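Peer 1: Provided herewith is a single structure, encoded as structure tokens, for subsequent inquiry.
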Amino acid sequence: MNVGQDEYLEALWCLREQEKDTLADLQTALDDPLDHDILASLAAVGMAVFNRETGTVTLSAQGLDHARALVRKHRLAERLLHDVLGLRNQRFESEACTFEHLVAPNVVDGICTLLGHPRECPHGLPIPEGPCCTRNEHTVQSAVAHLSEFELGESGRIAYLNCRDDSLLHRLNGLQIKPGAKIKVHQKYPAWVVECEGGMIAIDPRIADSICLWRQQTPPPPEHEIGPQETEKSAKWRFWRP
Amino acid sequence: MTVTEPVKQSTQAGKKKVAIVGLPNTGKSLIYNHLTGDYTLVANYMLTTVEPKRGKCQIHGCHMEVIDTPGLHCLSGHSTEGLSIRDLIFTEQPDVIVQCIDANQLKQSLTLTVDLLELGIPMVISLNAIDETARRGIWIDSTTLSHTFGIPVIETIATQGRGIAELKKAIASPRIPVPPLRYPDAIEQAVSDLQGLGALPTVHSRKIALLLAIRDSFVEQHVARVASPEDIERIKNRVDDLHLQFRGNVATAIASVRSRWVDEVADGVVKRQKVRSGEFAKTFGHLCRHPIFGIPILFLILATTYFLVVRVAGAMEDFLNGYIANPCVRWVSAITPRGFWRDLLAGPDYGLLTLGLFNALCTVLPILFVFFLILGALEDIGYIPSLCVLTKRVFDKIGLNGNAIMSVVLGFGCKTMATLSTAGLPRREKLIAVYLIAAYVPCSAQMGLSMGILGRYSFWALLATYGTIFLMAVFAGLLLNRILPDTGTGVLVQELPAIRWPSPRAVIVKTCYRLYWFLREAVPIFLGAALVLFLAQWTGLLDTLKAALRPLVVTWLGMPLDMVDALILCIARHEAAAGLLIRMSDAGKLNVAQCGLAVLLTTVFIPCLANIVAMCKRVGLKTGLLMTVAISLSAFVLVGMFHWILVFYGAWTT
């Protein structure tokens with residue numbers, strides 16, 4: 001889909017909301033004169049259904065899905081720019097137009113959750129619901145988190161280090177605490193104790209703040225594991241692990 | 001991948017130098033001990049070796065000088081750690097480098113390996129602790145590793161001395177490695193340009209050029225010593241050019257190339273199989289550092305130590321005194337005529353045998369034996385560093401953080417070593433740490449003997465005395481933290497060694513060496529101090545001194561006048577004073593409160609000579625001596641204060 005086609009799909013979605021479907025309506029909804037090539041291409045890929053006899057154009061099921069996603073992005077972008085970044089006048093509209101072509105679907109859900117699943121755009125038009133709205137998620141599962149936000153036993157892969165001190169960076173590097181390394185939290189107080197590449201390292205809480213990681217769910221133990229499986233008892237005794 | 005050539009056997013005059021380098025706690029000292037047949041202290045944690053140590057060895061008829069070095073993370077970098085070893089590598093140019101690698105933490109070591117390979121010095125890798133690796137289900141393909149580097153990689157188990165023969169063979173015929181890495185073109189170009197200037201020292205020129213490219217201050221100074229000012233200017237210009245041309249950070253680019261290489265090599269040779277073993281050791285490690293459970297464990301360890309020192313060492317002491325010391329003294333008294341000679345040899349107060357030899361052998365030695373045995377086991381388990389985590393809260397309050405904590409904790413082993421290990425700390429933390437170590441941290445011998453002395457009364461006497469010392473230390477730390485200008489503190493980054501079962505052989509060997517060193521160093525001092533005291537007594541000097549010190553000792557401190565003897569012995573050797581205190585308390589000259597204060601006084605009074613020398617080395621002569629005076633004076637002031645507090649509350653009975 002190119003930008004022109006996206007514009008038409010959005011326009012068709014808007015017409016559908018107003019329960020209109022003629023070409024004349026489409027013409028008024030669009031700023032530029034009607035481009036029949038684009039309409040034909042949409043019909044060719046099965047996004048739109050073009051009826052010459054009645055002079056109407058409607059979205060197919062596939063077209064509806066696509067248009068819903070586009071409109072959702074656009075209107076969420078408007079909310080973000082309007083509410084959070086405080087853009088006013090026409091600027092946020094044009095910015096939102098650029099925005100909708102760039103953002104990936106999971107990021108859209110992140111923005112939606114961040115904004116608290118808004119129902120309407122700043123113009124008062126409905127924002128199509130996404131999967132995050134139906135689940136009513138409260139928090140954004142941000143991709144990168146600080147080590148200090150990690151819980152005991154959680155592990156993650158280091159994304160980057162927020163560290164200004166070169167010598168400290170060297171020292172951490174020497175201990176393999178560097179981007180790409182896997183870290184597991186063993187203790188949080190009075191100092192952090194983490195496991196990294198087979199070594200245990202005690203680090204200052206201040207450093208824990210400056211290590212940013214991608215969260216990782218602990219994978220289930222592999223099938224070929226040797227030795228007794230973790231028993232009920234050892235799981236129960238976990239409570240005293242700090 | 002790489003082509004290597006055997007090194008021509010150097011038949012030049014002079015011994016070959018073999019430098020053992022590696023990350024902290026990778027078994028360098030163990031390898032050193034095995035190669036030289038010498039003994040340096042080893043323990044299952046970092047910072048055991050703080051100064052390079054040299055020894056001789058003969059491998060295949062070739063005499064070699066072996067140098068054991070403190071732990072080193074990388075050659076480059078802006079950190080102050082490992083300055084001495086960098087200096088050693090660049091200025092002394094060892095003929096062979098032996099890198100010790102802990103096979104459990106291969107990746108961590110490989111960063112240093114890259115650095116060393118780039119030096120172009122013949123090298124051998126000792127892949128250590130291979131037994132633990134096997135237990136953890138890690139298998140390392142050392143043959144591939146050897147091919148990748150183009151140098152011998154020898155699997156060893158240093159704790160048991162396995163693989164040492166192969167290591168010796170490899171050291172006798174080492175190979176020059178080929179630098180494994182190519183950096184981005186702009187950097188490579190700059191490096192070859194720098195080498196082409198002809199201003200760099202010929203040895204390690206590639207490494208030096210690389211370090212110059214990242215503006216490493218240590219190497220800049222090193223080059224400045226040999227190159228002319230014009231050359232330095234040209235070098236500087238070329239490096240500036242590189243930084244202008246290069247898009248991005250040169251140091252980061254080099255680091256990322258290395259980091260990728262390390263990952264590739266490690267992933268290629270390490271095979272892991274998940275094994276659920278060592279769970280107990282791991283759990284024990286967790287518990288030792290736990291903010292709640294760690295403290296009872298610490299107390300349990302201390303209580304066990306106390307019990308063993310008081311009971312076992314006490315029994316040994318009684319036995320030795322009953323069957324060796326007393327009969328000997330009686331026999332000597334019987335055969336020497338009454339007067340000068342009998343008093344000199346077997347006099348009840350200042351005899352060479354009574355206060356000198358048997359004090360060392362029969363009173364002090366058993367206590368040290370038991371205590372060193374326990375300390376050795378704790379060191380071998382790897383327990384000590386977990387105290388760093390456990391005590392962090394206290395240290396935070398007194399302005400110590402980062403490596404300073406480890407230094408102070410090491411003071412419980414040997415104060416001199418601990419003082420030396422403060423080398424890399426920021427000035428302010430160094431001052432606080434050095435002062436606290438010298439003044440308030442009881443070293444292993446002091447602690448063992450204090451247990452021996454106060455154990456004659458009760459466990460609570462010991463607890464009260466050490467509680468007081470602890471409070472004094474915290475108070476002094478708070479005060480120093482207040483008055484010293486705040487220059488920002490370091491941050492704690494501390495490797496924790498894997499907890500492992502102690503090896504009885506290693507513990508016994510270590511204890512024997514520690515006792516041997518004690519006997520070798522301390523017995524002459526014990527004898528000398530006894531002689532000095534005897535002569536002072538004989539000439540009447542001692543009585544004059546005692547009369548002069550009476551207001552201080554008796555009135556202010558509330559001690560019997562004989563405490564002057566202990567203080568004089570304390571200046572010579574703390575153990576001698578402790579031995580005297582034991583004799584005094586056995587003779588009923590001290591009550592429990594006096595004994596507690598006496599232990600307090602001898603602990604915080606003047607640091608031992610080696611410690612004073614180490615202090616001066618680390619904080620400068622003037623500050624070091626100033627600290628010594630401050631420590632000694634404050635000891636009298638504080639102990640006197642405690643005496644009068646006890647008097648005030650009616651808890652003092654004489």
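The values are calculated or read from the model by the stated rules, or taken from the named source; none is laboratory data. Note that this is a predicted model, so its numbers are computed, not measured. Methodologically, a virtual Cβ is constructed for each residue, glycine included, from the backbone with ideal geometry; neighbour enumeration extends over all protein chains shown.
Peer 1: Farther than 28 Å from B:Gly55 by Cβ, acidic (Asp, Glu) and in contact with a helix residue (DSSP H, G or I) (Cβ under 9 Å, 6 or more places away or on another chain): is that true of B:Asp141 in this structure?
Peer 2: yes
Peer 1: Considering only region B:405-422, state which residues are within 20 Å of B:Val42 (Cβ to Cβ) and not polar (S, T, N, Q).
Peer 2: Across region B:405-422, the qualifying residues are B:Met406, B:Val409, B:Leu410, B:Gly411, B:Phe412, B:Gly413, B:Cys414, B:Lys415, B:Met417, B:Ala418, B:Leu420.
Peer 1: Among the residues of region B:204-227, write down those that are basic (Lys, Arg) and either in contact (Cβ under 8 Å) with a residue 60 or more places away in the chain or in a helix (DSSP H, G or I) (or both).
Peer 2: Answer for region B:204-227, where residues must be basic (Lys, Arg) and either in contact (Cβ under 8 Å) with a residue 60 or more places away in the chain or in a helix (DSSP H, G or I) (or both): B:Arg206, B:Lys207, B:Arg225.
Peer 1: Here are some residues: B:Ser259, B:Ser228, B:Ser205. Which one is surrounded by 12 or more Cβ atoms within 10 Å (Cβ to Cβ), away from every other protein chain (no Cβ under 14 Å) and of a type in the set (Ser, Thr, Tyr)?
Peer 2: From the options B:Ser259, B:Ser228, B:Ser205, the qualifying one is B:Ser205.
Peer 1: Which ranges mark the helices (runs of 4 or more DSSP H) fully within region A:11-84 that have 3 or more residues being under 21 Å from A:Pro105 (Cβ atoms) and charged (D, E, K, R)?
Peer 2: By residue number, A:61-79.
Quick grid of which residues meet (1) in a loop (DSSP other than H, G, I, E, B); (2) more than 14 Å from every other protein chain (Cβ to nearest Cβ):
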| site | (1), (2) |
| --- | --- |
| B:Glu379 | no, yes |
| B:Ala404 | no, no |
| B:Ser407 | no, yes |
| B:Thr419 | no, yes |
| B:Leu425 | yes, no |
| B:Tyr435 | no, yes |
| B:Ser450 | no, yes |
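Peer 1: If I go through region B:18-42 residue by residue, how many of them are within 14 Å of chain A (Cβ to nearest Cβ) and touching a Cys at 6+ places or on another chain (Cβ under 6 Å)?
Peer 2: 2
Peer 1: Moving on to the next point. Any residue at all in region B:284-293 that is within 14 Å of chain A (Cβ to nearest Cβ), more than 29 Å from the chain's Cα centre (by Cα), outside any helix (DSSP H, G or I) and closer than 30 Å to B:Ile381 by Cβ?
Peer 2: no
Peer 1: Please enumerate the residues belonging to region B:586-600 that are aliphatic (A, V, I, L, M), in contact (Cβ under 8 Å) with a residue 24 or more places away in the chain and either assigned to a helix (DSSP H, G or I) or surrounded by fewer than 22 Cβ atoms within 10 Å (Cβ to Cβ) (or both).
Peer 2: If the condition is that a residue be aliphatic (A, V, I, L, M), in contact (Cβ under 8 Å) with a residue 24 or more places away in the chain and either assigned to a helix (DSSP H, G or I) or surrounded by fewer than 22 Cβ atoms within 10 Å (Cβ to Cβ) (or both), then B:Val592, B:Ala593, B:Leu597, B:Ala598, B:Val599, B:Leu600 are the ones that fit.
Peer 1: Could I ask something else about it? Please work out which one of (1) touching a Phe, Trp or Tyr at 6+ places or on another chain (Cβ under 7 Å); (2) of a type outside the set (Val, Ile, Thr); (3) assigned to a loop (DSSP other than H, G, I, E, B) is the condition B:Gly490 fails and give its number.
Peer 2: Going through the list (1) touching a Phe, Trp or Tyr at 6+ places or on another chain (Cβ under 7 Å); (2) of a type outside the set (Val, Ile, Thr); (3) assigned to a loop (DSSP other than H, G, I, E, B), B:Gly490 breaks only (1).
Peer 1: Now a separate question. Looking for whichever is closer than 30 Å to B:Asn44 by Cα, in contact (Cβ under 8 Å) with a residue 24 or more places away in the chain and either within 28 Å of the chain's Cα centre (by Cα) or surrounded by fewer than 18 Cβ atoms within 10 Å (Cβ to Cβ) (or both) here; the options are B:Val523, B:Val532. Which one fits?
Peer 2: B:Val523
Peer 1: Also, I was wondering about something else. Exactly one condition in (1) at pLDDT below 80; (2) of a type in the set (Val, Ile, Thr); (3) surrounded by 22 or more Cβ atoms within 10 Å (Cβ to Cβ) is false for B:Val98; which is it?
Peer 2: Result: B:Val98 passes all but (1).
Peer 1: Out of all the residues in region B:262-285, which are among the hydroxyl-bearing types (Ser, Thr, Tyr) and either modelled with pLDDT of 80 or more or in contact with a Pro (Cβ under 7 Å, 6 or more places away or on another chain) (or both)?
Peer 2: Correct list: B:Thr283 only.
Peer 1: Give the number of residues within region B:101-132 that are farther than 19 Å from B:Gly71 by Cβ, in contact with a helix residue (DSSP H, G or I) (Cβ under 8 Å, 6 or more places away or on another chain) and either at the interface with chain A (Cβ under 9 Å from one of its Cβ atoms) or surrounded by fewer than 18 Cβ atoms within 10 Å (Cβ to Cβ) (or both).
Peer 2: 1
Peer 1: List the residue pairs whose Cβ atoms are under 8 Å apart, where the first residue sits in region B:315-330 and is more than 11 Å from B:Thr354 (Cβ to Cβ) and crowded, with 16+ Cβ neighbours inside 10 Å, the second is at pLDDT below 90 and among the polar types (S, T, N, Q), and the two are 6 or more positions apart or on different chains.
Peer 2: Cβ pairs passing all conditions: B:Glu317/B:Thr363.
Peer 1: Ok, one more. If you go through region A:201-233 one residue at a time, how many are out of contact with any Leu (no Cβ under 8 Å at 6 or more places or on another chain), more than 8 Å from chain B (Cβ to nearest Cβ) and modelled with pLDDT of 75 or more?
Peer 2: Matching residues across region A:201-233 total 3.
Peer 1: Report, by residue number, each residue of region B:386-402 that is closer than 18 Å to B:Ala498 by Cβ and more than 8 Å from every other protein chain (Cβ to nearest Cβ).
Peer 2: B:Ser386, B:Leu387
Here is a yes/no grid of residues against (1) assigned to a helix (DSSP H, G or I); (2) buried (at least 17 other Cβ atoms within 10 Å of the Cβ):
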site	(1), (2)
B:Leu542	yes, yes
B:Leu567	yes, yes
B:Ala576	yes, yes
B:Thr602	yes, yes
B:Asn611	yes, yes
B:Leu626	yes, no
B:Phe642	yes, yes
B:Ala651	no, no
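Peer 1: For region B:432-448, does any single residue satisfy the condition of being of a type outside the set (S, T, N, Q) and farther than 23 Å from B:Cys616 by Cβ?
Peer 2: Checking region B:432-448: at least one residue is of a type outside the set (S, T, N, Q) and farther than 23 Å from B:Cys616 by Cβ.
Peer 1: In the set A:Gly174, A:Gly198, A:Gly153, A:Gly130, which member is on the phi > 0 side of the Ramachandran plot and either touching a Ser or Thr at 6+ places or on another chain (Cβ under 8 Å) or more than 7 Å from every other protein chain (Cβ to nearest Cβ) (or both)?
Peer 2: Answer to the check: A:Gly153.
Peer 1: Looking at region B:52-95, which of the residues that are touching a Gly at 6+ places or on another chain (Cβ under 6 Å) and within 14 Å of chain A (Cβ to nearest Cβ) is modelled with the highest pLDDT?
Peer 2: It comes out as B:Leu72.
Peer 1: While we're looking at this one, here's another question. Looking at B:Ala281, B:Ala303, which one is part of a helix (DSSP H, G or I), among the hydrophobic types (A, V, I, L, M, F, W, C) and within 12 Å of another protein chain (Cβ to nearest Cβ)?
Peer 2: The conditions single out B:Ala281.
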